[in-house]
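Before any comments, here is the structure.
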Amino acid sequence: MRFAVALCVLALFVATLALDNGLMRTPPMGWLAWERFRCDIDCQNDPKNCISEVLFRDMADRLAEDGWRELGYVYVNIDDCWASKDRDSNGRLQADPKRFPSGIPNLASYIHDRGLKLGIYGDMGTLTCGGYPGTPLDKITIDAQTFADWKVDMLKFDGCYSNATEQEQGYPAMSKALNATGRPIGYSCSWPAYQGGLPPKVNYTQLGEICNLWRNYGDIEDSWNSVLSIADWFFNNQDVLQPAAGPGRWNDPDMLVVGDFGLSMDQSRSQMALWAIMAAPLFMSNDLRTISSGARTILQNKVAIGISQDPMGIQGRRLIKEKSGIEVFWRPLSDKASALVFFSRRTDMPYRYQASLGQLNYTTGSYKIYDVFAEREMPTLKDSTHFVVSINPSGVVMWYISAPADQENTHIGGKLRGPAFHRHANGISPIVL
Ligand code: GLA
């Protein structure tokens, strides 16, 4: 009997370990190779940009020396094409010996010495998407142990070359195997992206129990179209996705491409703002050695990062989609604060959008407004005061909103009441901000 009780307690303990590794209480931040550097393995002709230990050391140096680390960008993440095409004589994965001559453990200590963390990439299946050795079901234990032995801090587990049944077994099994190593390893699952991202095929409750973050949707590319289509999918499906997120469990709309070639400065601010509203992981995929000061300023915006990293970890929502092409997003934050994003899908000229906080579901009271990208305090706004914001084409205005300490509720929350929601009342002269 005693033995049975002890067994039950042990089983409970193991179950708890498997459910919550205590990591990533706020959305993880760092740098990830894929979008910018892909599977460039031509180190002969392109030594600075090929997937090699040089690239990851360079990025670690930049993160440590250019102010990124202090802002929270601490992960240096390897993606596909790092491995040798063959496992070693013990059946373990090994890095390509030409491109990673010092080996992954060495790279890990280089990265740890700079106060950063190392992420690596694997694939639940026979091959990775790029055709490198994958982790089929019978290799999960040994690969988890290899990553832990190498002192890896995070695993992105992709899903090419496996079917739905294998994924159903493999993703939870890898979660258990990582926990069983005893090393805290953040776990990013691409599982839902391979199952269409929506219930009933995807079970977000289960994902929250086994993964720290998960890719729900397709790959980001270096273009505004790509960013927009991803943002649209996430907000169109917010009723399903928004409740799935919370401390230690995040939806992942994929990397930030700010600092690359495809986005204007306005579009870059839009990606940063919408990713912060979504409580998305902030993994930049860019070249930190040559990034422009404009892109750096956006990525290093402290208030935008603060909104992303809010400890309550509540994912934001789209509140309004106007016929004019303006959309308004909202995220509740700790200390009775909140964030609003006014976004324009327009392609003509800056649009003067008129609203009041009351119309955006804020409760009676007065509010302090900070314009995140203009980096300035705005005049205090009453809930009833009409204001106008000027939003650039494919751009945003982002506000951090705080309420006086004695104010109780600040926002009705939840969904808006639907289309009967009118503004632009005639005859009221708005404050122009
Ligand atoms: C998939 C993933 C990408 C990247 C590539 C690598 O497409 O979704 O993020 O990891 O594989 O081959």
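Probe of 1.4 angstrom, ligands and nucleic acids ignored: what's the accessible area per residue over segment 298-364, in square angstrom? Walk me through the numbers before you get to the answer.
Details: 2420 Å² over 67 residues.
Roughly 36 Å² per residue, with all protein chains present.
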Show me, bin by bin at 10 Å from 0, the whole-percent P(r) of the chain based on Cα pairs. 4, 21, 30, 23, 13, 6, 1, 0
Provide the solvent-accessible area of Tyr351, counting protein heavy atoms only and rolling a 1.4 Å probe, rounded to the nearest 10 Å². 60
Percent carbon-and-sulfur accessible area, segment 175-323, ignoring ligands, DNA and RNA, probe 1.4 Å: 51
Accessible area per residue of segment 23-180 at 1.4 Å probe, in Å²? 39
Mind listing which chymotrypsin sites (Phe, Trp or Tyr not before Pro) in segment 191-277 are in a DSSP loop and have 14 or fewer other Cβ atoms within 10 Å? Phe261
Please report the relative contact order for the chain, taking Cα pairs under 8 Å with a sequence separation of at least 6, and give it as a percent rounded to a whole number. 13
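Quote the FRET efficiency, to the nearest 0.05, computed for Val388 versus Thr364 with a Förster distance R0 of 30 Å and r equal to the Cβ-Cβ distance.
So, using R0 = 30 Å, E works out to roughly 0.90.
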Just the accessible area for Arg269, please: 1.4 Å probe, Å², rounded to the nearest 10? 70
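Stretch Glu65-Asn225 to full length: gain in nm at 0.36 nm per residue minus the Cα-Cα span? Show your work: numbers first, answer last.
Numbers: separation 160, 0.36 × 160 = 57.60 nm, distance 3.27 nm.
Contour length minus the Cα-Cα distance gives 54.3 nm.
Probe radius 1.4 Å, ligands and nucleic acids left out: which of Glu209, Glu327 has the largest accessible area, and how do the rest follow? Mind showing how you got there, number by number?
Numbers: Glu209 70, Glu327 5 Å².
Result, largest first: Glu209, Glu327.
How would Trp34, Trp191 line up by accessible area, probe 1.4 Å, largest first? List each step's numbers first, then the result.
On the way: Trp34 55, Trp191 25 Å².
Result of the area sort, largest leading: Trp34, Trp191.
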Sulfur and carbon atoms: percent of accessible area, segment 363-403 [1.4 Å]: 46
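Using DSSP to define loop residues, name the GluC sites (Glu not before Pro) in segment 345-414 whose beta-carbon has at most 16 other beta-carbon atoms within 10 Å.
Values: sites: Glu375, Glu377, Glu408; in loops: Glu375, Glu408.
For GluC sites (Glu not before Pro) across segment 345-414 that sit outside H, G, I, E and B with at most 16 neighbouring Cβ atoms in 10 Å, the list reads Glu375, Glu408.
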Using a Förster distance of 25 Å, how high is the FRET efficiency between Ala164 and Phe261, based on the Cβ-Cβ distance and rounded to 0.05? 0.10
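Between their Cα atoms, which of Lys201/Lys323; Lys151/Lys176; Lys156/Lys176; Lys117/Lys201 are more than 26 Å away from each other?
Values: Lys201/Lys323 33 Å; Lys151/Lys176 17 Å; Lys156/Lys176 15 Å; Lys117/Lys201 33 Å.
Checking Cα-Cα distances, Lys201/Lys323; Lys117/Lys201 exceed 26 Å.
Within a Cβ distance under 13 Å of Arg87, other residues only, what is the Lys/Arg minus Asp/Glu net charge? Working shown, then result.
Values: positive: Lys85, Arg92, Lys139; negative: Asp86, Asp88, Asp96, Asp138, Asp143.
Result for the local shell: -2.
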As a check on your grasp of the helix formula, calculate [θ] at 222 nm for the chain: sum -39500 (n - 2.57) over DSSP H runs of n ≥ 4, divide by the residue count, round to the nearest 500. -8500 deg cm²/dmol
Keeping all protein chains in the complex and leaving out DNA, RNA and ligands, what accessible area do you get for Asp42 with a 1.4 Å probe, in Å² to the nearest 10? 60
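Could you tell me the calculated FRET efficiency between Glu377 and Asn203, based on Cβ-Cβ distance and R0 = 45 angstrom, to the nearest 0.05? Please report the intermediate quantities before stating the final value.
Details: r = 44 Å, r/R0 = 0.99.
Efficiency computed from Cβ-Cβ geometry: 0.50.
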All-pairs Cα distance distribution in segment 292-417, expressed in whole percent, bin size 5 Å: 2, 10, 20, 24, 22, 14, 5, 2, 0
Taking every alpha carbon pair in segment 89-202, what does the distance histogram look like in 5 angstrom bins from 0, in percent? 2, 12, 21, 24, 19, 12, 6, 3, 1, 0
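Per the 1.4 Å probe, what fraction of the accessible area of segment 92-153, in percent, lies on carbon and sulfur atoms? Present the calculation step by step, with values, prior to reporting the outcome.
On the way: 1210 of 2390 Å².
Reported share for carbon and sulfur atoms: 51 percent.
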Extension gain, Arg92 back to Thr126 (0.36 nm per residue minus Cα-Cα distance, nm): 10.8 nm
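What full-extension length gain, to one decimal in nm, is calculated for Gln407 and Met312 as 0.36 nm per residue of separation minus the Cα-Cα distance? Don't jump to the answer; show the numbers that get you there.
Values: separation 95, 0.36 × 95 = 34.20 nm, distance 1.91 nm.
Value of the extension gain: 32.3 nm.
The values are calculated or read from the model by the stated rules, or taken from the named source; none is laboratory data. It should be emphasised that the depicted structure is a prediction, and the values quoted were computed from it without experimental measurement. Heads up, the Cβs are rebuilt from the backbone with ideal geometry, glycines too, and the neighbour counts pull from every protein chain shown. The protein model used for the area step is the full one, side chains on, heavy atoms only, and it has no ligands, DNA or RNA in it. Shrake-Rupley method; radii C 1.70, N 1.55, O 1.52, S 1.80 Å.
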